[in-house]
Amino acid sequence: MTLKLFQTKLKCLYRDRQSMFWALLFPLFLAIIYHFAFADIGKADMLKTIDIAAVSTGVSNEASIKKTLLEAAYENKNNIFNVMVTDAATAETLLDDNKILGYVIMNEIPKLVVKKPELRSTIAKHVLDSYMQMYGVSAVISANTSGGRIDHIALTEDMINREYYLYERNDATRNLDYSVIYFYALLGMVCIYGGTWGLREGLDISPSLSKKAARIYAAPYSISKLLFVNLSASLTLHMGGVIAVIFFMNKILNIDFGTKLHLVALTSLTGSIVGILLGCMVALVIKGKEKKKDAVLTGLTLVWGFLAGLMIPSVKYLVASKFPFLVYINPVHLITDALYSLYYYTDLERYSRNMVFLLITVIVYSGFIVCSMRRTKNGSI
Amino acid sequence: MDHNTIVEIKGLTKQYDTLIAVNNLDLEIKDGQIFGLLGPNGSGKSTIINCILSLIRFEEGSIRIFGKTMIENEKEIKKNIGVILQDVAVFDELTVYENIEYFCSLYVKGKDTVRHLTEEAIAFVALEDFKDYYPDKLSGGLLRRLNIACGIAHKPRLVILDEPTVAVDPQSRNRILEGILNLNKQGATIIYTTHYMEEVEQICDQIAIIDKGEVVALGTKESLKDSVHLSETIIVEANGIKDSDIDELNETNDYTLVEYHDNILKVKSKKENEGLIRLLNFFKQKNIMLTRIQFETPTLNDVFLEITGKELRD
């Protein structure tokens, strides 16, 4: 009968017009608004060369750092940086006057100084990180070569000459688009909107709030199993909505999700699970009336969306630099950043880190739900 | 525990903070009974039901149903219990048929069995013409019938109804009560809680009067009335009764109640038939003409009033 209960629940959910509107039509509506408002923002900006200063310190690997910065290029072969080699004081003045995005202090481990964190500064950081990886690898190779005959700085430069360090893309025809951040944050929000379904399921098994819950508790069917069935039905329907939103953004609004669409789908699925569990957890953990729980969920979703750059993209970078712990507890940020890293980076390191934190979130929320159910089971009716 | 006993409650105590909702309560409900729990709002009836269903924990006591101790995960017992609570608890997004089918599926396995039981339940509450309707299109009475169908579709041996007729029109109420009697005829034992004494008098064959979480009286309606030695009320319609006549009747000390409003005199005699004869003689002496005389037998409300000193609907 589990399948029958699942099917009935599914029917129940798709007939709920209000929830369907908020879960499906509202995000589509927002996507259209974003499309007209932001679609062209940043495209030109992103392809512009970034003015950056390099502060000489005289370290042995200074030349290779400089080379890295000078030769880093977008996939369309345009240089990423316009590099001015100068002293620290001048670099600071240029930064204060907004003449440069930031400056790199060319220590053995180069340090990037920026005025405020934003998308372009993360590109500079990424290029320097790539350099440091190669520098580290060449140091290891050099140390393990008998007699230490290989100079690891020379090896680094050799690797740079082979253009391994370039900020390359798989799809050479695609342009980087700054505005996708809005759409990624929107997709993150859509996933977390699954919370409205989860909230409903949580309320339906709260005897103190739902008339149906007492009837359900009196039945011989396992409450945990029923909740799982109901949440699965919610997830099925919600994923249908998320896929529709992705399809609409990708095919109708031409939003670029990169080449790894299967990973975009996986991120959306994980994000939707987090969203649904979040709603269920709020319903079961927060004490009080339905309206209070609803307000908490809506508030959390909006705040997390804002912190993930839904309204102002630079907030995302500001939070990441000033309050990094918020990044790891904000599922909208994790989803957005996972999508963002799929779009901008060829390697999956950053993506994987986000996914790991999303999975940890799933485990933590599930734990809260299980504990709350034990408490709720015998609460006052 | 007698094998004929369906529910046995011993020493049940449930406390909410400082409020004792149920206090050391003992009850025994036999197979085939319609057992009424009668008491005013807040007397503890619903708490007793919630304890029986293991929906809430209780501090002390034990509850055995069908000879087994009732615990929260006791599926075998739960399978044979049907619950109809005061509030209509159905899904607004499902039709009448789908709602009954859904709740039946929580109890019964097998697609065909569920379908068959659902159709039987629809026929039982006479909702055949409304089976494709959504709850928001049903009247209050029809909704109550849907609520009942959802609770009994799996053919339980024990049906618990917690004030199912609150805010229901008289016609629908009668239909519901008829339905309960039919369920009982089909072999179900019924626990029926209400604060409407008329309903209890109409359908219950065993009654527990509850007040402040305690059973204050237990028995059949006849035995309850006998237990408090209540006499009939004599109602007389007469013209020309003066205040002094009422004072005089009160002074005789033969009557427990003397009320006079709008030419209607209500008198309760302490001495049964002798009281009536004396009253008739009193009117004869005073030359008062009687236009109508009738007798009112005591109600369960009178029993409750006699035991607790307050009205059932307090």
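The values are calculated or read from the model by the stated rules, or taken from the named source; none is laboratory data. Just so we're clear, the structure is a prediction, and the values are computed from it rather than from any experiment. Because the Cβ atoms are built from the backbone with ideal geometry, glycine has one as well, and the counts that use them run over all protein chains shown.
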Residues within segment B:87-120 that are assigned to a loop (DSSP other than H, G, I, E, B) and either without any contact (Cβ under 8 Å) to a residue 12 or more places away in the chain or within 9 Å of chain A (Cβ to nearest Cβ) (or both), tallied: 13
Within segment A:339-381, can you find the residues that are of a type in the set (Gly, Ala, Ser) and modelled with pLDDT of 90 or more? A:Ser352, A:Ser366, A:Gly367
Against the conditions (1) over 20 Å from the mean Cα position of the chain (by Cα); (2) part of a strand (DSSP E or B), where does B:Phe58 fall short? Just the number, please. (2)
Subset of segment A:214-230 [part of a helix (DSSP H, G or I) and either within 14 Å of B:Cys150 (Cβ to Cβ) or of a type outside the set (A, V, I, L, M, F, W, C) (or both)]: A:Ala214, A:Arg215, A:Ile216, A:Tyr217, A:Ala218, A:Ser224, A:Lys225, A:Asn230
Of the residues in segment A:221-263, those that are within 19 Å of the chain's Cα centre (by Cα) and charged (D, E, K, R) number 2
Residue that is modelled with pLDDT of 75 or more, closer than 29 Å to B:Cys204 by Cα and surrounded by 13 or more Cβ atoms within 10 Å (Cβ to Cβ), where the choices are B:Lys225, B:Lys286: B:Lys225
Scope segment B:1-44; condition crowded, with 22+ Cβ neighbours inside 10 Å and charged (D, E, K, R); matching residues: B:Lys14
Quick count over segment B:282-296, residues being in contact with a helix residue (DSSP H, G or I) (Cβ under 9 Å, 6 or more places away or on another chain) and of a type in the set (D, E, K, R), is 1
Just to check your reading of the model, which residue among A:Thr196, A:Thr236, A:Thr298 is away from chain B (no Cβ under 14 Å), touching a helix residue (DSSP H, G or I) at 6+ places or on another chain (Cβ under 9 Å), without any contact (Cβ under 8 Å) to a residue 24 or more places away in the chain and more than 21 Å from A:Ser341 (Cβ to Cβ)? A:Thr298
Exactly one condition in (1) modelled with pLDDT of 85 or more; (2) farther than 27 Å from A:Asn230 by Cβ; (3) surrounded by 24 or more Cβ atoms within 10 Å (Cβ to Cβ) is not met by A:Ala283; state its number. (2)
In this structure, is B:Phe130 free of Cβ contacts under 8 Å to residues at least 40 places away in the same chain and of a type in the set (Phe, Trp, Tyr)? yes
Looking at (1) more than 14 Å from chain B (Cβ to nearest Cβ); (2) surrounded by fewer than 17 Cβ atoms within 10 Å (Cβ to Cβ), find the lone condition where A:Lys225 falls short. (1)
Restricting the search to segment B:205-226, which residues are in a loop (DSSP other than H, G, I, E, B) and either of a type in the set (D, E, K, R) or within 20 Å of B:Leu12 (Cβ to Cβ) (or both)? B:Asp205, B:Lys212, B:Gly213
Within segment B:297-314, which residues are closer than 21 Å to B:Ile203 by Cβ, at pLDDT 75 or above and out of contact with any Leu (no Cβ under 6 Å at 6 or more places or on another chain)? B:Thr297, B:Thr299, B:Leu300
Within segment A:233-281, restricting attention to residues that are touching a His at 6+ places or on another chain (Cβ under 7 Å) and part of a helix (DSSP H, G or I), which residue is farthest from A:Ile33 (Cα to Cα)? A:Ile276
Within segment A:99-124, tally of residues that are out of contact with any strand residue (DSSP E or B) (no Cβ under 8 Å at 6 or more places or on another chain) and at pLDDT 85 or above: 0
Name the single residue that is nearest to the other protein chains (Cβ to nearest Cβ) among those in segment B:71-86 being assigned to a loop (DSSP other than H, G, I, E, B) and surrounded by fewer than 23 Cβ atoms within 10 Å (Cβ to Cβ). B:Glu72
Any hit, segment B:35-46, residues being within 14 Å of chain A (Cβ to nearest Cβ) and under 13 Å from the mean Cα position of the chain (by Cα): yes
Among A:Lys292, A:Lys316, which is the only one that is within 19 Å of A:Tyr184 (Cβ to Cβ) and either of a type outside the set (Ser, Thr, Tyr) or modelled with pLDDT under 90 (or both)? A:Lys316
Out of A:Val364, A:Val282, sole residue that is touching a residue at least 12 places away in the same chain (Cβ under 8 Å) and on the phi < 0 side of the Ramachandran plot: A:Val282
Just checking, does segment A:239-262 include any residue being in contact with a Pro (Cβ under 8 Å, 6 or more places away or on another chain) and more than 20 Å from A:Ser372 (Cα to Cα)? yes
Do you know which residues across segment B:121-141 are within 12 Å of chain A (Cβ to nearest Cβ) and part of a loop (DSSP other than H, G, I, E, B)? B:Tyr134
Scan segment A:341-353 and tell me whether some residue there is within 22 Å of A:Tyr193 (Cα to Cα) and surrounded by fewer than 17 Cβ atoms within 10 Å (Cβ to Cβ). no
Residue satisfying all of: in segment A:8-19; in a helix (DSSP H, G or I), modelled with pLDDT of 80 or more and surrounded by 14 or more Cβ atoms within 10 Å (Cβ to Cβ); farthest from the other protein chains (Cβ to nearest Cβ) among these: A:Leu10
